[in-house]
Amino acid sequence: MKSKYIWMDGDLVPFEQATVHFLTPTLHYGTGVFEGIRCYHTSKGPAIFRLNEHLKRFLDSAHIAGIPDIPFTRRQLVHAVHQVIRANQFTECYIRPLIYMTGPLGLNLDAWQPALGIAAWEWDPFLGRESLEKGVRLMVSSFTRHHPNVMMTKAKIVGNYANSTLAKTIATRAGFDETVMLDPQGFVAECSGENLFLVRDGVVYAPPRATVLEGITRDAVLTLADDLGYEIVEELISRDQLYIADEVFLCGTAAEVVPVREIDFRVIGTGRKGPVTHAIQQSFIQTVCGDGPRSNEWLDYVDETVYAV
Ligand code: PMP
C-alpha cells in the first residue's frame, strides 16, 4: 500500500507525513465517506475507469451522510486524482479518496469540518489474482446487511464497513474467500465489498438496487451483459436461488469480475467459471484495458499535462 505521495487537502504530501490526529472524529465515530477507483494499464498509458461516476458517488455519499461544504468540486477532484497517479508514476493502481471529519469529539456533524485525502497504491485483485480464473468459495453470513434506516446502503460511509468487517472476518476465519450478506428481509443483498449476480438458463439476475450499494462495476457488468445480448432481470433473490443457479459471480472495483464456485458447501453449476461469467469477464477486461467498444466512454486517460511534483 506504499506510495511516494498522498494528496491531502490540495497538496501532495510525502507518504510518511500523511497522518491524522488521534482525536480525529472519524476515527472514533465512523462518520466519513470514501471511494475505491482503479486505474489500468493501456496502450495509450494509464487510464482511470469511470472516474466521473466514482467521484459523483463520492460526493453523493457525503450528501447522504449529511456532510456539508465539501471544499473541492468534482472537477478539482478529477485533477487531484490525475495528480496522485502522475506523482507516484503508477501505470496501474487502486485509488482511495476519503473525506474525514476534523474538530471536537462529540456527535454533532455541524461542529466538524471535512478534510479530504486521496491515496493510490498498486493492488492485485482483492480476492487474489487466481480468483479470476479459479473462482471463490462463499458462505452466507449470519450478519445482516444494513437496514436502510439504520445505515444507508447507497453511501460508502466509513462506519458502514464495520458491518462488512464482521461478516468478512468470520467467513475468512471459517476458510471461505468472501461472504454473501442478506438484507433485513432475508433476501440476497451483496457481498462485504462486492455486488453479486446469478445466471440461470442464460438470464442474468441481480438483486434490486434499493438494498445494495449501486456498484459502478455492477452497472458496467449489466451494460456489458446487455451489449452481449443477455436478458437481465433485477429482482429479489433468495439464498436457495443462488444454490441452484447455473453460475454465480461477484464484482467490484477492488475484486473485478470473479466467478463463484461454491456457496455454503454447495457446488454452483459445474464448480468452474461458467460461459456467461467468462463472456462478461472478458468483455470487462477488454474494456478496462482500452480494447472494448465502451473503452472510450468509460476510460479517462491520465493527463500528461497535469502538474504533479
Ligand atoms: N458493495 C459494497 C458493499 C462495496 O463496498 C463495493 C465496493 N465499492 C461494491 C458493492 C462494489 O462497488 P463498485 O463496483 O463501485 O466498486
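Tell me the residue from THR211, THR253 that is out of contact with any helix residue (DSSP H, G or I) (no Cβ under 9 Å at 6 or more places or on another chain) and surrounded by 14 or more Cβ atoms within 10 Å (Cβ to Cβ), please.
Going through THR211, THR253 in turn, just one is out of contact with any helix residue (DSSP H, G or I) (no Cβ under 9 Å at 6 or more places or on another chain) and surrounded by 14 or more Cβ atoms within 10 Å (Cβ to Cβ): THR211.
Mind listing whichever residues of the stretch 35-47 are within 13 Å of the ligand (Cβ to nearest atom) and open to solvent by less than 10 Å² (accessible area, probe 1.4 Å)?
Answer for the stretch 35-47, where residues must be within 13 Å of the ligand (Cβ to nearest atom) and open to solvent by less than 10 Å² (accessible area, probe 1.4 Å): GLU35, GLY36, ILE37.
Which of the residues that make up the stretch 125-158 are touching a residue at least 24 places away in the same chain (Cβ under 8 Å), farther than 28 Å from GLU92 by Cα and open to solvent by 30 Å² or more (accessible area, probe 1.4 Å)?
Passing the criteria: MET139, SER142, PHE143, THR144, HIS147, PRO148, MET152.
Could you please find all residues in the stretch 57-76 being away from the ligand (no atom under 16 Å from the Cβ) and more than 11 Å from LEU116 (Cα to Cα)?
HIS63, GLY66, ILE67, PRO68, ASP69, THR73, ARG74, ARG75, GLN76
Among all residue pairs at least 6 apart or on different chains, which show Cβ distances below 9 Å where the first residue, located in the stretch 62-90, is over 28 Å from GLU122 (Cα atoms) and the second is open to solvent by 50 Å² or more (accessible area, probe 1.4 Å) and of a type in the set (Lys, Arg)?
From the stretch 62-90, the pairs are ILE64/LYS154.
For the stretch 183-208, which residues satisfy the criterion of being open to solvent by less than 30 Å² (accessible area, probe 1.4 Å), in contact (Cβ under 8 Å) with a residue 40 or more places away in the chain and more than 12 Å from the ligand (Cβ to nearest atom)?
If the condition is that a residue be open to solvent by less than 30 Å² (accessible area, probe 1.4 Å), in contact (Cβ under 8 Å) with a residue 40 or more places away in the chain and more than 12 Å from the ligand (Cβ to nearest atom), then VAL188, LEU198, VAL199, VAL204 are the ones that fit.
Which ranges mark the strands (runs of 3 or more DSSP E) fully within the stretch 132-211 that have 2 or more residues being at pLDDT 95 or above and in contact with a Pro (Cβ under 7 Å, 6 or more places away or on another chain)?
188-191
Here is a list: THR253, THR305. Which entry is among the hydroxyl-bearing types (Ser, Thr, Tyr) and within 16 Å of the ligand (Cβ to nearest atom)?
One residue alone meets the criteria, THR253.
Restricting the search to the stretch 214-250, which residues are open to solvent by 30 Å² or more (accessible area, probe 1.4 Å), within 16 Å of the ligand (Cβ to nearest atom) and either under 18 Å from the mean Cα position of the chain (by Cα) or free of Cβ contacts under 8 Å to residues at least 12 places away in the same chain (or both)?
Selection gives GLU214, ASP219, THR223.
Could you grab me the full set of residues in the stretch 261-291 that are hydrophobic (A, V, I, L, M, F, W, C) and either exposed (fewer than 15 other Cβ atoms within 10 Å of the Cβ) or outside any strand (DSSP E or B) (or both)?
PHE265, VAL267, ILE268, VAL276, ALA279, ILE280, PHE284, ILE285, VAL288, CYS289
Out of everything in the stretch 165-182 that is open to solvent by 10 Å² or more (accessible area, probe 1.4 Å) and of a type outside the set (Val, Ile, Thr), what residue ends up being nearest to VAL212 (Cα to Cα)? So that I can check it myself, show each step before the final result.
Step one: list which residues in the stretch 165-182 are open to solvent by 10 Å² or more (accessible area, probe 1.4 Å), which gives 165-166, 168-170, 172-177, 182.
When the remaining residues are screened for being of a type outside the set (Val, Ile, Thr), the result is 166, 168, 173-177, 182.
Working: LEU166: 17, LYS168: 16, ARG173: 25, ALA174: 25, GLY175: 25, PHE176: 22, ASP177: 20, LEU182: 10 Å.
Applying the filter and picking the extreme gives LEU182.
The values are calculated or read from the model by the stated rules, or taken from the named source; none is laboratory data. Note that this is a predicted model, so its numbers are computed, not measured. Virtual Cβ from ideal backbone geometry, glycine too; neighbours counted across all protein chains shown. The accessibility values were calculated without ligands, DNA or RNA, using every heavy atom of the protein model including side chains. Shrake-Rupley method; radii C 1.70, N 1.55, O 1.52, S 1.80 Å.
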